[in-house]
Every structure is written in structure tokens, then in C-alpha cells.
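Take a look at the structure below.
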Amino acid sequence: MSKYDVFELVTYLRKCPETFFKPSDFFLEEGLNSIALVYDTYRLVSNDFLRNDFKIPSNLGTISDNHWRAIHISTWLLSHPDFINNPVIEDKLYNFWFVELQQACAYVKFNEWINDEERAEEMVRLLLYCCEILPYGENQDEAADKLSSLSSVERHKVLKQSYEAHERIMKIKREMEEQKAREAANTYGRE
């Protein structure tokens, strides 16, 4: 297949072994060693297996279990041949793992990245976006539009804005009804 073919990457992601679903060892003694997994993925991507200094956040204890599991799953995605020995993307992984994916994890449970076709595509597209890679056969506008249409963060923003707009409309209606009631009471009181 072509390099960075979204369909191929989604198919690969959805074949993620269940081992990657385990909690982090930050939460369960028998859990996956999340830091080792992240470091090994950095090494695989950069093709520098002797290196030990990779960018990770200092506040590892504040990362949720759901977020760690999503990171685990994404390391499987990064083991796809398209990403191996691709040092250009190494510096972009921090933003993917610890900024963008963290935001998405507020709305997506870790197993949805595998079980839900749209969430799987969202993870693939989010990774490609963070790594500044255009999916095969797409231009920048198409790729951005497709990511935006799948984005859990964007969907939540739209729902929140819609809810807030609805609340404003309801408040205005209540105020208008109260005003009508006061006017009716004033008219009735004068008669």
C-alpha cells in the first residue's frame, strides 16, 4: 500500500493486541511499563536504540489511566512500518501523546480507539496531523477537514456551544414570558 494510507493505518490500529489495553504500572503493579513503552517507541521511530534522553512530561503522576492506555495503543500504531526509522517525526510525538491525545482522551475511552471505526480514524489522523504528515491522496485542506469532522474535542466544543445557545434562547423566552406576565398583571391591576 501507499505510505500513510489512512485506511491501512486504521486497519493496523484496530488489530492492536490486547496487551496494549493494560493499565499503566503507575496504576497497577502488573501493568505495562508506560515509560519503557514510550522510550522504546521513540527509539523505534528515531532508529537510535542507544539513546536514553527523550522528552516526557515531569508530571507523570497526573496522567490518567485512560490517557496512558491510549498512549499504549498509539505506540502500537507507531510500530507500523510507515513510522519506523522516521526520525523527522520524533520531536512531534510529545505533542501528540501529551497534548493532543490528552485532550481527546477527555472524551474518548481507551477501548474506543480500537472498537469504534471513527475513533480509530481520529487517532490515525491526529497522529498524522501532529507529525505534519499528509495522508496519502489528500491535500492539507482535505486532511484538516476530515480530522475536524472526526475530532472528539471539536465535537464536544460544538455540542457545548449548541447547549449554551439553547440555554440563552430558553433564558430569553423565560424573560419574555415573565415580562408578558408582568404587563398582563399591570393591565389587570389598572382595570
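FYI, it's all coordinate maths here, none of it is from the lab. Note that the structure is a prediction, hence the values are computed from the model and not measured. With ideal geometry, Cβ positions are generated from the backbone for all residues, glycine too; neighbour counts draw on all protein chains shown.
Quick one: F96, F7, F49, fewest Cβ neighbours within 10 Å first, how do they rank?
Numbers: F96 21, F7 13, F49 8.
Fewest to most other Cβ atoms nearby, the residues stand as F49, F7, F96.
With +1 on the Cβ of every Lys and Arg and -1 on the Cβ of every Asp and Glu, and nothing else charged, how large is the dipole of the range 6-150 about its Cα centre, in debye rounded to the nearest 20?
About 300 debye.
Would you order W113, W97, W76 from fewest to most other beta-carbon atoms within 10 Å of each residue's own beta-carbon?
Values: W113 28, W97 25, W76 20.
Ascending number of Cβ neighbours within 10 Å: W76, W97, W113.
Once every DSSP H run of n ≥ 4 in the chain is given -39500 (n - 2.57) and the sum is divided by its residues, what mean residue ellipticity at 222 nm do you get, rounded to the nearest 500 deg cm²/dmol? Mind dumping the intermediate values first?
Details: 8 runs with 107 residues, N = 191.
Helix-only estimate at 222 nm: -18000 deg cm²/dmol.
How long is the chain along each principal axis, judged by its Cα atoms, biggest number first, in Å?
Principal-axis extents of the chain (Cα, largest first): 92, 44, 28 Å.
About its Cα centre, how strong a charge dipole does the range 81-167 have in debye, to the nearest 20, once Lys and Arg get +1 and Asp and Glu get -1 at the Cβ? Spell out each step's value before the answer.
Values: 8 positive and 18 negative charges, 56 e Å.
Using only the charged Cβ atoms, the result is roughly 280 debye.
Could you work out how far helix 65-77 tilts from the main Cα principal axis of the chain, as a 0 to 90 degree angle to the nearest 10?
With rounding to tens, the tilt is 50 degrees.
Can you give the angle from 0 to 90° between the axis of helix 140-150 and the longest principal axis of the chain, with both taken from C-alpha atoms, to the nearest 10?
Relative to the chain, helix 140-150 is tipped by roughly 60 degrees.
Treating cross-link reach as a plain straight distance, find the lysines whose alpha-carbon is under 23 Å from the alpha-carbon of K146, omitting any fewer than eight places away in the same chain.
K3, K15, K92, K109, K157, K160
In nm, to one decimal, how far is the modelled label at E154 from the one at N33, with both set 7 Å along Cα→Cβ?
3.9
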